[in-house]
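Asker: Below: one structure in structure tokens.
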Amino acid sequence: MTALENPTFRVSISVHFRAAVHQDLPKMEWYGQYAHYRNLIRRAYREQQIGKRLILVADSNNFPIGNIFILFLNPENTPKTEKRAYLYSLRVMEMFRGCGIGTQLIQEAENLMANRHYRWSTIAVAKTNHGAQRLYERLGYEIFGEDPGNWSYFDHEGRARQVQEPCWLLQKELVLR
Ligand SMILES: CC(C)(COP(=O)(O)OP(=O)(O)OC[C@H]1O[C@@H](n2cnc3c(N)ncnc32)[C@H](O)[C@@H]1OP(=O)(O)O)[C@@H](O)C(=O)NCCC(=O)NCCS
């Protein structure tokens, strides 16, 4: 067998956190892995335009290698003590996991929420997803309830998909600016 002269070559990547733009939408399907969420991604992007949701992406080389979605739940006139936003669809491409990108996405999302005077950050985690639950608890989230996790959506081929994923509801009080 031919011995390689330099079998290991170290590269470093830079990751930039920003709101999603229209060109990200097809890339957020990760070459088909999340094509079934196309309608949900596009609806979230439409609602980003009116300030109801925000898609935060971790961009490397102009590709969204991770994302988290924020749903701003309360109407404008809700008292500050009650304003609550909901984080969901946190994901990082498999080869980039364990490097802190997921943590950074959550923290950047929390900063955005606090800047908009949202006091409570909420997140749901499947009861079987112990790794993600550990991550949230490490970041200060505490379980305050549970949900049967029954919901449905239409995939990119117009088929109705049912989801049944019992989950824990976690929350964290944010430091308002
Ligand atoms: C959960 C997830 C977003 C974390 O992203 P990440 O960039 O790896 O996170 P960080 O590097 O900041 O932190 C790593 C922590 O994430 C958690 N984690 C969960 N699944 C993991 C995985 N497959 N690989 C690495 N870490 C994972 C662990 O708590 C880990 O910390 P540990 O040292 O206690 O094991 C990522 O693993 C992922 O996309 N998983 C699949 C989708 C998912 O489960 N999303 C959560 C839905 S509620």
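What follows draws every value from the coordinates through simple rules; no lab data is involved. Because the structure is predicted, anything quoted here is derived from the model rather than measured. Using ideal geometry, Cβ is built from the backbone for each residue, glycine included, and neighbour counts are taken over all protein chains shown.
Asker: Against the definition (assigned to a loop (DSSP other than H, G, I, E, B) and either basic (Lys, Arg) or within 17 Å of the chain's Cα centre (by Cα) (or both)), how does Val11 come out, yes or no?
Answerer: no
Asker: Something else now. Under 8 Å between Cβ atoms, at least 6 apart or on separate chains: pull out the pairs that start in the stretch 82-110 with a residue that is among the β-branched types (Val, Ile, Thr) and end on any residue that is outside any helix (DSSP H, G or I) and within 6 Å of the ligand (Cβ to nearest atom).
Answerer: Ile101/Val92; Ile106/Leu90
Asker: Here is a follow-up. Checking Gly102 against (1) within 12 Å of the ligand (Cβ to nearest atom); (2) in a strand (DSSP E or B); (3) crowded, with 20+ Cβ neighbours inside 10 Å, which single condition isn't satisfied?
Answerer: For Gly102, the failing item is (2).
Asker: Also: Could you run through the stretch 132-170 and say how many residues are under 18 Å from the mean Cα position of the chain (by Cα), closer than 23 Å to Met28 by Cα and part of a loop (DSSP other than H, G, I, E, B)?
Answerer: 1
Asker: Could you say whether any residue in the stretch 104-122 is over 21 Å from Lys52 (Cα atoms) and under 15 Å from the mean Cα position of the chain (by Cα)?
Answerer: Looking through the stretch 104-122, at least one residue is over 21 Å from Lys52 (Cα atoms) and under 15 Å from the mean Cα position of the chain (by Cα).
Asker: Within the stretch 56-109, track down each residue that is among the acidic types (Asp, Glu) and in contact with a His (Cβ under 7 Å, 6 or more places away or on another chain).
Answerer: Asp59 - this is the single residue of the stretch 56-109 that is among the acidic types (Asp, Glu) and in contact with a His (Cβ under 7 Å, 6 or more places away or on another chain).
Asker: Moving on to the next point. Mind checking which residues of the stretch 31-47 are under 15 Å from Asp155 (Cα atoms) and either in a loop (DSSP other than H, G, I, E, B) or without any contact (Cβ under 8 Å) to a residue 24 or more places away in the chain (or both)?
Answerer: Within the stretch 31-47, Gly32, Gln33, Tyr34, Ile41, Arg42, Arg43 qualify.
Asker: Can I ask one more? Take the stretch 73-99 and flag every residue that is part of a loop (DSSP other than H, G, I, E, B) and of a type in the set (Ser, Thr, Tyr).
Answerer: Going residue by residue through the stretch 73-99, those that are part of a loop (DSSP other than H, G, I, E, B) are 73-83, 93, 97-99.
Within the stretch 73-99, Thr78, Thr81 meet the criteria.
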